[in-house]
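These notes are about the structure you will find just below.
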């Protein structure tokens, strides 16, 4: 092509440029208009609160889920027999009071005049229906806490007995979330399970409005709630898995409150104008499980040395941005049975080296530390702390699903000699964290101790609080002495929000938004 | 029936048959792979569930059956277009997917549209000014577009348009304004691929004899390119656009994460990390079906555009 081709070329370019501009200008104008609509929506006069969490409900049928992301939403629609107030106290909700009748029976007296969102009355039959539906194998409920409950007996219109096949001292605590949810019997029988999960009807402080899966779930205040209407009129939950996206959504006024952040992610959000970070004590407790049949770890002195070597306050400071609390043994603070007189390990490195030398490992040893890749930073940091006493722990990170499969597998060594684990003891009872990993017959136990087994039996099988307190105190002393775990920390509940939001979670971190307030700026 | 139409029917039948074989293989491989990858029970139940509780749930969900029985159930379901029930969502897989498919389809189609609107003029413009500043400029942008990962583009766009300028939302779904940023993000890579390919295939065509003839007949360069060159240069581009649709679905997985877009990409990630076996099977099978159908469409389009390519070939 010669020079002669150039002039028409340029002409074309100019023309196409104009055409492009013709397309672009309306597009820009349009986007302006559309964003205008967006802001209108956000600035409505109704008191509304938009909450993000990384996950979303599996299902809106409260008895077919067993995870916190689902419960966080459903606890606002459905009410429970008992509850936890912001100060972590067990308080009456649909049940007014309760007491054990005998070792195998708990009696609950119920609140009168409560109605479901569709007008259906709440009474003893509701409790019987709800709990027996949960227990029915057909329901395939993932809720496991009511494992000893066999049936519910209606005593009169507002009194029920919950029957168990072995003593269960913490039935009232277990009814404060998952297992304590009440569902409307007549409505369920009328519409069926599938329709109920599409449009849930509860008797909680908020009513279901609509749900667009993976986008948002909208609730509105229930003006007829027995505890009075909640302070906010409209409550929306949005699942935003990615912390960076959640921050952007907060900054562009699409959410007001971000929950479920790990300290590392919250740290990224610090320093932005108009954004506040609040952290509150939490119950979720992390620990290292030690295989007490491992050739090296079978020596108690080695296990004690590891507890000295893992400098937990330093770990909290350096890796968790200070947003956690050291825990002395396996019973978290705020739990029934926590013994304040038991101090955490003193983190004495010289003592650790001494203990290792006594056990025959003056230069330390090699081992493996397994963790879910969600906990990579903490695992790496622990490995670094162990290295200071010569213990070379190679960190083995697993996909969370592979991790949890091995955690619950028959093979109790599937996660190697040392693994990092965490558990949310939302019943706030000492039994919660030790129920599945101490007594030798439990799925995650890697310890064989007659003394420990007997103490677990004493606290699990007695409904006498004093007897249980004593068993817990002895258990904590034994745990510290025998060190079948490395005791770590309780992670905080972290909230990132606009200054308008006023809300405080209790230690369970459940998103009970009944008392949340949104103030005008 | 003429010899020719009989041949066409035979050819179409064999294509459908091979598509079915591909689908069957995809279904079988997925079935086996998801079962190797892990056990859904540990994700469904809290870690403190007892072994008895786990066994009971496995029995209710049919996960205690031998693999052969589960496979036979799965295949017999597929024949009836029944993908089973999602373990997590307590809903039929087909319904869970149907809820999410429109969002991804909208995103992919919008992205493809944006990609074509930008890439075709850019490819032509570059080819017509080969080696000149305009060509070099366009090629540099293409290189940038092709080498920038979608999640980065997405976050940068969010920072500019949602956080700084506050003209577009950072996440969510529902209005046209929610669609713009994810669609543009998803389009970036495809713009680069399509424009680059169009440019190089136009360059081949431009040096051919018939283009010289067209110019000799007095056609201006643009007229010659658009009416003669483009049609001939479009064959490889159509193949790539077809394949790009697959890339767009794959890219949607990242883009949907960044923009919290409620589509199949996010659903697939969730299903895999939850070990929701029936749902993983369903989504993978759907992706396979989309690929198969796109390939069939590309084949047919080919023969429509280029008479030399016949269906019976």
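Nothing in this text is a laboratory measurement; each read-out follows from the coordinates by a stated rule. Here the structure is a predicted model, which is why all the values come from computation and not from measurement. Cβ: placed from backbone, ideal geometry, glycine included. Neighbour counts: every protein chain shown.
Within the bounds of the range B:266-275, is there any residue that is more than 23 Å from residue B:160 (Cβ to Cβ), surrounded by 24 or more Cβ atoms within 10 Å (Cβ to Cβ) and more than 8 Å from chain A (Cβ to nearest Cβ)? Yes, some residue in the range B:266-275 is more than 23 Å from residue B:160 (Cβ to Cβ), surrounded by 24 or more Cβ atoms within 10 Å (Cβ to Cβ) and more than 8 Å from chain A (Cβ to nearest Cβ).
The single condition among (1) over 20 Å from residue A:487 (Cβ atoms); (2) touching a residue at least 40 places away in the same chain (Cβ under 8 Å); (3) touching a strand residue (DSSP E or B) at 6+ places or on another chain (Cβ under 6 Å) that residue A:373 does not meet is (2).
Summed over the range A:131-143, residues that are surrounded by fewer than 19 Cβ atoms within 10 Å (Cβ to Cβ) and either at the interface with chain B (Cβ under 10 Å from one of its Cβ atoms) or touching a residue at least 24 places away in the same chain (Cβ under 8 Å) (or both) total 5.
Please enumerate the residues belonging to the range A:379-395 that are surrounded by fewer than 20 Cβ atoms within 10 Å (Cβ to Cβ) and part of a loop (DSSP other than H, G, I, E, B). Selection gives A:388, A:390. Elements of the type strands (runs of 3 or more DSSP E) sitting completely within the range A:407-521 and holding at least 2 residues that are in contact (Cβ under 8 Å) with a residue 12 or more places away in the chain and within 14 Å of chain B (Cβ to nearest Cβ): these cover A:418-423. When the test is whether a residue is free of Cβ contacts under 8 Å to residues at least 40 places away in the same chain and under 30 Å from residue A:247 (Cβ atoms), residue A:58 passes it. For the range B:220-237, state whether one or more residues are over 24 Å from the mean Cα position of the chain (by Cα) and farther than 29 Å from residue B:112 by Cα. Checked against the condition, which is being over 24 Å from the mean Cα position of the chain (by Cα) and farther than 29 Å from residue B:112 by Cα, the range B:220-237 yields at least one hit.
Residue by residue, here is whether (1) in contact with a helix residue (DSSP H, G or I) (Cβ under 6 Å, 6 or more places away or on another chain); (2) buried (at least 20 other Cβ atoms within 10 Å of the Cβ); (3) under 26 Å from residue A:212 (Cα atoms); (4) more than 9 Å from chain A (Cβ to nearest Cβ) holds:
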residue	(1), (2), (3), (4)
B:153	yes, yes, no, yes
B:190	yes, yes, no, yes
B:213	no, no, no, yes
B:220	yes, no, no, no
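When A:364, A:360 are screened for being at positive phi and surrounded by fewer than 18 Cβ atoms within 10 Å (Cβ to Cβ), only A:360 passes. Just one of the listed residues (B:83, B:17, B:57, B:87) is in a helix (DSSP H, G or I) and in contact with a helix residue (DSSP H, G or I) (Cβ under 9 Å, 6 or more places away or on another chain), namely B:57.
Taken over the range A:98-148, the criterion of being in contact with a strand residue (DSSP E or B) (Cβ under 7 Å, 6 or more places away or on another chain) and farther than 23 Å from residue A:186 by Cα is satisfied by A:98, A:99, A:100, A:101, A:104, A:105, A:106, A:107, A:148. The combined condition, being more than 25 Å from the chain's Cα centre (by Cα), more than 11 Å from chain A (Cβ to nearest Cβ) and either touching a residue at least 40 places away in the same chain (Cβ under 8 Å) or under 14 Å from residue A:248 (Cβ atoms) (or both), is not fulfilled by residue B:142.
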